[in-house]
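Written out below as structure tokens is the structure these notes cover.
The values are calculated or read from the model by the stated rules, or taken from the named source; none is laboratory data. Being a predicted model, the structure only gives us computed values, none of them experimental. Note that each Cβ is placed from the backbone with ideal geometry, even for glycine, and that neighbours are counted across all protein chains shown. In case anyone asks, the SASA skips ligands and DNA or RNA and just uses the protein heavy atoms, side chains included. Shrake-Rupley method; radii C 1.70, N 1.55, O 1.52, S 1.80 Å.
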Amino acid sequence: MIDSTDSKPSVVYRYLTLWFSLSAPVTRTQYIVTGFSLMLLKYLGEFLIIYSTTGNIYPITAFLNPLLKERMDVITTMTHFVPWVLFIFTFPFLWISISMSVRRSVAATGSSSLGLLILVPFLNFLMMLIFCILPDLKRPSMKTDRTPVVAALPSKRVRSAISGMFLSIAGSLVLYGLSITVFQSYGILIFFGMPVLIGVVTSYMFNRHCLQSLGQSVIVAELGVLLCSGTLLLLAFEGFICIAMLYPLAAVITILGAIIGRSMAATNASGGHVTVSLMCLLPLLAGADIVDNETPVYEVISSVVVDAPPEDVWPNVIGFSELDAPPAWYFELGIAYPLRATIDGEGVGAIRHCEFSTGPFVEPVTVWDKPNRLAFDVTEQPRAMNELSPYRHVHPPHLDGYLNCRRGEFRLKRLPNNRTLLEGSTWYEFKMYPQGYWTLWSDLSIHLIHERVLNHIKKLSEN
């Protein structure tokens, strides 16, 4: 009779251990085979998702482009949920890439820091090539036999967690200042680099004396993100709304950083070495924003059916009275919302003024097709929101010039029974990265603004 305990692990188990382990060494052969196989699998998966939802062919050049320019051209044609599907699909591949590169760096060089270069555009391909070439060390410096901390050392765990949080917050504020003042960009350095730094440093410090559980490491890292968010709020750098919109993305990326930090704690790297390496490497992420500064134009379309003919709807499109409906709760948080619209003149060249809670939009009319279509450019616009903050005046730079409305349009389509399909479109640019994430919020906000205007026009026209 064969003892089941003597049976070898299955092939699936061995590969899952190789991909998702925090400490298992990675040989050169394993890195080459896994890297190219998973890269092909990821491309085929994204190809099928994009082709099935948009009908577009996903070129291999877009997949390999580290600046994401071609990929963004494809994503802008997708429905709202597809970018989230791609993000969820990408996350396990991203973790495998980083985890295996860190462990491969230890196996080939004895240090985990070089593996973090996999995060930097352009350098990531170079480092993958180097890890494929370098031979294995005879004795990799992974510490795989460390046991979790027990209850005998609670004070040391707390001190390590607190020191990691304060160290990561200080480093995050430096990255924030670099991005805003030096690179003048709200992009990858803030929205990816800061959560990674917090996750790695906090988790590493928490695990540096003896490995803790993965769940505890993630919780400590997430507390670090909350403290960093509170620090930005208390220093009047940001407001509640922007932090709330960023948090879902930051929370997920911080988990990735926490896993990396725990994995690095299993090596001989020192805490200072880890922190200094990250502070030197992460500013390189800003280069992707500087080089790839092209901003696509997005369109948001909303519609409503009005129980009135186009001739009765048209006067309320070119200008409408004060909106008597109170703003919804989400507008009360600070998001700009429309109040009234007036027009000076008639026909092409007339100037439409749409008053918002934060100021007026100035909209020269470019198409006057009564009663079918009204189109206009946007030459002046107010800020997109008033920051919700404990302080009276909080005005971060991203409120000016990062969300730019370019033009708008109303279309009135005659329906049977004296009804009208009223459509509204807004074309805008968003200069905050990653655009695939932030445009989910901006599209939603513009849809809510459209609904408020279209429903008011509907009410006026039907009365």
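Residue by residue, segment 384-399 carries 3J(HN,Hα) couplings of 6, 6, 9, 4, 7, 7, x, 9, 6, 10, 10, 9, x, x, 5, 6 Hz when phi is fed to the Karplus relation 6.51 cos²θ - 1.76 cosθ + 1.60 (θ = phi - 60°); x denotes Gly or Pro.
Relative contact order, whole percent, for segment 329-372 stands at 31, derived from Cα pairs under 8 Å and 6 or more residues apart.
Heavy-atom accessible surface of Glu222, to the nearest 10 Å², is about 30 Å², with a 1.4 Å probe and all protein chains retained.
Is the C-alpha gyration tensor of segment 156-228 telling us rounded, prolate or oblate? Criteria: a/c under 1.5 is rounded; beyond that, a/b larger than b/c is prolate, otherwise oblate. Prolate. In this simple spin-label approximation, Ser213 and Ala325 carry label points 7 Å from Cα along the Cα→Cβ vector, and these lie 4.9 nm apart. Of the residues Thr439, Thr109, Thr29, ranked by 1.4 Å probe accessible area with the largest first, the sequence reads Thr29, Thr109, Thr439. In this structure, the amide hydrogen of Gly187, modeled 1.01 Å from its nitrogen in the peptide plane, lies closer than 5 angstrom to those of Tyr433, counting only residues at least 5 positions away or on a different chain. With a ≥ b ≥ c the root eigenvalues of the C-alpha gyration tensor of segment 307-356, is it rounded (a/c under 1.5), prolate (a/b larger than b/c) or oblate? In terms of gyration-tensor shape, oblate. Accessible area per residue (1.4 Å probe, heavy atoms of protein chains only) ranks Phe166, Phe237 as Phe166, Phe237, with the largest value leading.
Cα centroids of segment 315-331 and segment 195-214: 50 Å apart. Heavy-atom accessible area for Arg14, with the other protein chains in place and a 1.4 Å probe, reaches approximately 120 Å². Checking every one of the GluC sites (Glu not before Pro) in segment 318-416 against DSSP loop status and a limit of 16 other Cβ atoms within 10 Å picks out Glu322, Glu346. Extending 7 Å from Cα along the Cβ direction at Leu123 and again at Val367 yields two label points whose distance is 4.8 nm.
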